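In what follows, a single structure is set out as structure tokens and then discussed.
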2 protein chains.
Amino acid sequence: MKELDFFFYPKTVAVIGASREPGKVGHAIMQNFTSEKFEGKVFPVNPKAEEIMGFKAHSSIAKIKERIDLAVICTPSATVPKVFLECCKKKVPAVIIISAGFEEIGNKELTNSLRALIKKYPKTRVVGPNCLGTLNCANGVDTLFLPQYRLERPEAGVVSFISQSGALGSAVLDWSSMNEYGIAKFASYGNAMDVDESDLLEYLANDLQTKVIVMYIEGVKNGKKFFETAKKYAKKKPIIVLKGGTTEAGTKAVASHTGSMAGSMAAYDAVFKQTGLIKANNLLELFDYARVLSRLPPAKGKRVQIITDGGGYGVVTADEVINHGLELAKMSEKSIAEIRKVVPPYVILRNPMDLTGDANNERYQVAVEAALKDKNVDMVIAIVLYQVPSLDSDVVETIRALNEKSSKPMIVISVGGAYSEVHKRALEREGVVNFSYPDDAVKALKALVEFYAEK
Amino acid sequence: MKELDFFFYPKTVAVIGASREPGKVGHAIMQNFTSEKFEGKVFPVNPKAEEIMGFKAHSSIAKIKERIDLAVICTPSATVPKVFLECCKKKVPAVIIISAGFEEIGNKELTNSLRALIKKYPKTRVVGPNCLGTLNCANGVDTLFLPQYRLERPEAGVVSFISQSGALGSAVLDWSSMNEYGIAKFASYGNAMDVDESDLLEYLANDLQTKVIVMYIEGVKNGKKFFETAKKYAKKKPIIVLKGGTTEAGTKAVASHTGSMAGSMAAYDAVFKQTGLIKANNLLELFDYARVLSRLPPAKGKRVQIITDGGGYGVVTADEVINHGLELAKMSEKSIAEIRKVVPPYVILRNPMDLTGDANNERYQVAVEAALKDKNVDMVIAIVLYQVPSLDSDVVETIRALNEKSSKPMIVISVGGAYSEVHKRALEREGVVNFSYPDDAVKALKALVEFYAEK
């Protein structure tokens, strides 16, 4: 068993500061561990209660007879060193300290006393303080104190997410749920007094459930360690990073936010370049890149074939392809001849290929199939305006089947409003990667190309 | 009455090529003009029918006794010159030719014969051929041949949209409906054989219902005319332009798409600079800019105050503010002191101002109000993570009221998933401009600042 496994796979969990009172942090966390999804055992710790949510409460963790894999501390900050010491003495291997009120508000004395204990008991690993803790979407391990109705948990997926900011992390999880993007594991590590971003990165790089790692970091605790960890893993598994605090103003905000140093952006850019970390410039890129890297096959080159039923979208997408440094594929004469046999003479068989406003499912079938098997094409972008009357909803099945058997990356730009949205959702559920706008789509394909080009 | 008014305010409309058969273009257009919203009279023209949808059909437009304000032609291309000539002889002031099959597919003979007629009868103005025509969301004038269930029509608003591409235009209208963004008037002008982008631009610049104009253009018919029209109006009314065909590849696609020349991007960039047209780099920017420019008061400067309840989002937004050339405001000591009276000591009263994860409605009330009245602040960005348990849904009312009485631009970044989306929609309906991501929000504010700075 790996050292940090207890943070994601505990069989026994003590909630220190468990509460019967809805709205309290210790109540929300108890709710998570008493849900059906979590199959382990939960032990509420609260000196003022006999039982909480039907579970016997203990006055301290020392009173629990069983071995405890994970202790979650959500008591007031002043009490943290005392209850943490009890965890260490009980040899709990993993402790998550949710409580805030340490270096981030300048409380040096409390910070130092906790730090001394962490140093003294190195076998007890600590996530936090001032964090949300961990979430494993596959088994219900969930220390997030935001109730589910306010913050939906994503379904189990293959993308794991490390966030220095709890608020940003939780909002992104919520947004992932809404978009039906699965998450494997999530960790918010707050002040990183012991376990830091590099430890979590290494753990997830070796985690078989995680295909892609996304990170939001403001600063790193140990630059050299982060660099070496990134270098070791970034070419094996896609690691996409959004760095907060890239400007002087942002850096100052970071200092008051998590008490860490943001470091110069030039230094980070060098790290990205030398390690192979994938840089995201904003939140949307972070998850767009994760979607293509977790769900599409490798790109063998940068030649893109665009197939559309709306000329204007073809034009705009061709511009994006060129502007982002990808290339427009030139399909072979043989492929073009095959398509020509089936489509009317006014269909424009170039790149972008314009199936025109009376396109039907058959034209998409023939054109996309020919492009996917053409040796001059590395990737296919199919733009679909579902509005055209000649196109019926079976185009979803056409595209699903083509995507399923394709060994090349293929994405769909689903254009329009509510009617399109229905088709877009259907395609997403069938495993087809969709975008709403050409620029987002092309940027994501570029990230895919670059990851495989550097291998 | 202005010359192009008949395209948007006809009282009598002839649909030449009207059809009883669902799925046909002439059927969809008849459906539009027989809907309750259109209060004028419609005259189907079809030599093979006695009546269509309960209206008497005429064998040709010449047989209609009444004066006709607008004729919509959707017959096969070969018949267009003949029926167009009939329109001219009847002195119809406005004709929309939906039919395709002219210069865009290289049909020179047909193109020339139509062009000769247009020249011969200059009092009959023509939109098209190869277009969707016009839409006036306020009165149901609607020549779009895509049925409403596939392409929802937006509600009446104050943003008008000119699109060279019909497909792109229609998809954007559909997307606007889904997002509840209103549209005043829409025109797709296709091959622009007579009325071109400059004529429509001038018409909408003088249209009292239109506060902001957005354009998608691939090329312009007459560069000098476009330049002069843009220069005349761009500083009076915001005109936001997305140019398709900005790369060599895109330019080639344009040539086969609408048969027009795209022109070099450098030339266009010079036009943007010299005229004050606002450049959008993609579809999302086009409408984000339109939203802020149509709904927010003028920005007096570029100093932004960020107020958040999630530190990470504050950091990322501060970065975006700096990266896009705006500035972080420095609130006066008096304002800070006022806020300090009400909020706990750990609230960070800088910029970004972090109300922290236990923020409540009162903190937003006090902080946003102080920022809006501070003379060192030009604009306010309120970032709201609705997930935090201390915040209840009344924050919508708090923000609505602050926004209503504000004379400074204020926007909200609504962060998260389904729970946030509910609040975001509520705020939008109450007139508050919302964004989901910091970068989109800041780019839009920048467009606002630049428009007013150049005046």
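The values are calculated or read from the model by the stated rules, or taken from the named source; none is laboratory data. These numbers come from a predicted model, not from an experiment. Reconstructed Cβ throughout: ideal geometry from the backbone, glycine too, with neighbour counts over all protein chains shown. In case anyone asks, the SASA skips ligands and DNA or RNA and just uses the protein heavy atoms, side chains included. Shrake-Rupley method; radii C 1.70, N 1.55, O 1.52, S 1.80 Å.
Mind checking how much accessible area A and B bury in total, 1.4 Å probe, in Å² rounded to 100? Don't jump to the answer; show the numbers that get you there.
Numbers: alone 19880 and 19870 Å², together 34930 Å².
The contact between B and A buries close to 4800 Å².
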- Note on the structure: Of all GluC sites (Glu not before Pro) in the range B:20-51, the ones in DSSP coil with at most 13 other Cβ atoms within 10 Å are B:GLU36, B:GLU39, B:GLU50
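Averaged over its residues, how many other protein chain Cβ atoms are within 10 Å of peptide B:317-326's Cβ atoms?
Details: counts 4, 11, 15, 5, 3, 5, 5, 0, 0, 0.
Across B:317-326, the average partner-chain Cβ count within 10 Å equals 5.
Would you mind checking the pairs B:LYS300/B:LYS375; A:LYS91/A:LYS185; B:LYS235/B:LYS273; B:LYS37/B:LYS63; B:LYS237/B:LYS446 and listing those with alpha carbons more than 21 angstrom apart? Write down the numbers at each step before the final one.
Working: B:LYS300/B:LYS375 11 Å; A:LYS91/A:LYS185 25 Å; B:LYS235/B:LYS273 12 Å; B:LYS37/B:LYS63 26 Å; B:LYS237/B:LYS446 17 Å.
With Cα atoms farther than 21 Å apart: A:LYS91/A:LYS185; B:LYS37/B:LYS63.
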- Does anything in the range B:63-104 have its amide N under 18 Å from the 7 Å Cα→Cβ label point of B:ASN139, and if so which residues? B:67-72, B:92-96
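For A:ALA78 and A:LYS2, what is the calculated FRET efficiency with R₀ set at 51 Å and r taken between the beta-carbons, to the nearest 0.05?
The calculated FRET efficiency here is 0.95.
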- Label points 7 Å out from Cα along the Cβ direction at B:ASN107 and A:ALA62: separation in nm? 9.3 nm
- Query: Rounded to the nearest 500 deg cm²/dmol, what is the calculated helix-only ellipticity per residue at 222 nm for the protein assembly as shown, with -39500 (n - 2.57) per DSSP H run of length n ≥ 4?
  - Reply: -12000 deg cm²/dmol
- Query: Any idea how far apart B:ASN206 and A:GLU450 come out in nm if each label point goes 7 Å out from Cα toward Cβ?
  - Reply: 5.0 nm
- Query: Measuring with a 1.4 Å probe in the full set of protein chains, what accessible area per residue, in whole Å², belongs to chain A?
  - Reply: 38 Å²
- 7 Å along Cα→Cβ, label-point gaps from B:LYS231 to other copies, nm, shortest first: 5.8
- Query: Taking the Cβ-Cβ separation of A:SER264 and B:ARG429 as r and a Förster radius of 41 Å, what is the calculated FRET efficiency to the nearest 0.05?
  - Reply: 0.40
- Query: For A:LYS91 and A:VAL158, what does the FRET efficiency come to when R0 = 41 Å and r is the distance between their Cβ atoms, rounded to the nearest 0.05?
  - Reply: 0.75
- Restricting attention to the range A:54-111, which trypsin sites (Lys or Arg not before Pro) occupy a DSSP loop and are surrounded by at most 12 other Cβ atoms within 10 Å? A:LYS65, A:ARG67, A:LYS91
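Just the projected area, averaged over all directions, of the convex hull on the alpha carbon atoms of the protein assembly as shown: how many nm²? Mind dumping the intermediate values first?
On the way: hull surface 151.8 nm².
In nm², the orientation-averaged hull projection of the protein assembly as shown is 38.0.
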- Item | A:ARG400 - accessible surface, heavy atoms, 1.4 Å probe, Å² rounded to 10 | 50 Å²
- Among DSSP beta bridges lying fully in the protein assembly as shown, give the percent that are antiparallel, nearest 5. 15 percent
- Task: If a/c stays under 1.5 just call it rounded; otherwise compare a/b with b/c (prolate if a/b is bigger, oblate if not). Do that for the range A:301-374, with a ≥ b ≥ c from the square roots of the Cα gyration tensor eigenvalues.
- Result: oblate
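If you take the square roots of the eigenvalues of the alpha-carbon gyration tensor of the range A:399-447 and sort them as a ≥ b ≥ c, do you get rounded (a/c under 1.5), prolate (a/b over b/c) or oblate?
Judged from the Cα gyration tensor, the range A:399-447 comes out oblate (a/c at least 1.5, b/c at or above a/b).
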- With each pseudo-label sitting 7 Å past Cα toward Cβ, what's the A:ALA418-B:LYS48 distance in nm, one decimal? 3.5 nm
- Message: Using only the alpha-carbon atoms of chain A as identical scatterers, what base-10 log of I(q)/I(0) does the Debye formula give at q = 0.07, 0.09, 0.10 Å⁻¹?
- Response: -0.42, -0.65, -0.76
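For the range A:349-441, how big is the tail of P(r) above 17 Å, as a whole percent of Cα pairs?
Values: 1923 of 4278 pairs.
Counting every Cα pair in the range A:349-441, those more than 17 Å apart make up 45 percent.
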- Item | Where rotation carries A onto B, the chain A residue whose Cβ is nearest that axis, in whole Å | A:LEU284, 5
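Provide the convex hull volume over Cα atoms per residue for the range B:1-129, in Å³. Working shown, then result.
Working: hull volume 13.4 nm³, N = 129.
Once divided by residue count, the hull of the range B:1-129 is 104 Å³.
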